[in-house]
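See below for the structure under consideration.
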Amino acid sequence: DTEVTQTPKHLVMGMTNKKSLKCEQHMGHRAMYWYKQKAKKPPELMFVYSYEKLSINESVPSRFSPECPNSSLLNLHLHALQPEDSALYLCASSHLGRGRDTGELFFGEGSRLTVL
Amino acid sequence: QKEVEQDPGPLSVPEGAIVSLNCTYSNSAFQYFMWYRQYSRKGPELLMYTYSSGNKEDGRFTAQVDKSSKYISLFIRDSQPSDSATYLCAKCMEYGNKLVFGAGTILRVKS
């Protein structure tokens with residue numbers, strides 16, 4: 001079982017709804033990530049948090065708003081989404097710094113989002 | 001040209017076969033490479049991680065990097081139906097663990 005826990009596993013929302021995806025890890029990792037994955041495509045990076053600060057934003061629309069309340073938690077707030085935003089949203093975590101930037105990411109099971 | 005190129009398959013093999021999965025990359029900086037396995041409707045699972053040229057073995061899995069040709073491979077020996085999944089190669093692009101994934105190869109092992 002993965003040590004990165006994502007909730008909810010499935011989410012259906014309308015275009016006017018506000019919802020949040022949550023991610024938690026207790027491996028002591030100081031980097032956390034949000035990826036978006038469409039069917040039969042590889043994961044695409046959205047955001048990276050390093051030491052609880054946003055370090056990478058891959059030009060993601062503002063209707064996606066990340067938040068890192070502490071070193072174990074990562075949220076993705078969703079508002080006014082479009083049907084094309086329907087996808088699997090993956091959270092990941094990794095060690096960071098001092099030669100540990102090796103790309104070894106540990107992924108959660110994902111939250112499958114459907115926007116109606 | 002994409003940073004990491006991978007044939008999406010599908011690749012279909014009989015049980016017990018040796019499977020060879022391959023990727024090429026273009027950027028020689030940050031030579032960390034990963035293979036992830038993803039079952040349907042699940043998150044990617046880290047299988048193998050390699051740095052620099054040469055082989056790395058873990059059970060039935062061997063990861064190989066050839067820097068001269070910018071080629072990375074994953075070999076699966078004695079393939080099992082449970083190995084049926086999508087295999088994603090990935091390369092670390094810079095500090096901060098920025099990964100770029102290949103397209104993923106769908107593998108089907110038939111019993």
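Read-outs: derived from the displayed coordinates by stated rules, not from any lab. The model shown is predicted, which means the values in this text are computed figures rather than measured ones. Every residue, glycine as well, gets a Cβ built from its backbone with ideal geometry; the counts of neighbours run over all protein chains shown.
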FRET E, pair B:Glu15, B:Asn55, Förster distance 30 Å, beta-carbon r, rounded to 0.05: 0.80
Hydrodynamic radius of the protein assembly as shown per Kirkwood, over alpha carbon pairs, in Å: 18.1
Cross-link table A:Lys38/B:Lys2; A:Lys22/B:Lys98; A:Lys40/B:Lys91; A:Lys18/B:Lys91, entries beyond 25 Å C-alpha to C-alpha: A:Lys18/B:Lys91
Net dipole in debye of the range B:65-111 [+1 Lys, Arg Cβ; -1 Asp, Glu Cβ; about Cα centre; nearest 20]: 100
Overall dimensions of chain B as given by Cα atoms, namely Rg and Dmax in Å: 13.4, 43
The range B:33-97, Cα convex hull volume normalised per residue, Å³: 95
Solitary cysteines of chain B, where the nearest other Cys Cβ is not under 4.7 Å: B:Cys92
Approximate spin-label separation A:Lys22-B:Tyr71, in nm, with each point projected 7 Å along Cα-to-Cβ: 4.9
Electrostatic dipole magnitude of chain A [Cβ: Lys, Arg +1; Asp, Glu -1; Cα centre; debye, to 20]: 220
Segment A:Leu116-A:Val12, length gained on full extension (0.36 nm per residue, minus Cα span): 36.7 nm
Test item: Cα-centred dipole of the range B:1-85, Lys/Arg +1 and Asp/Glu -1 on Cβ, debye: 160
For the range A:1-59, the fraction of alpha-carbon pairs in successive 10 Å shells from zero, as %: 17, 44, 36, 3
Overall Cα dimensions of chain A - principal axes, largest extent first, Å: 44, 28, 23
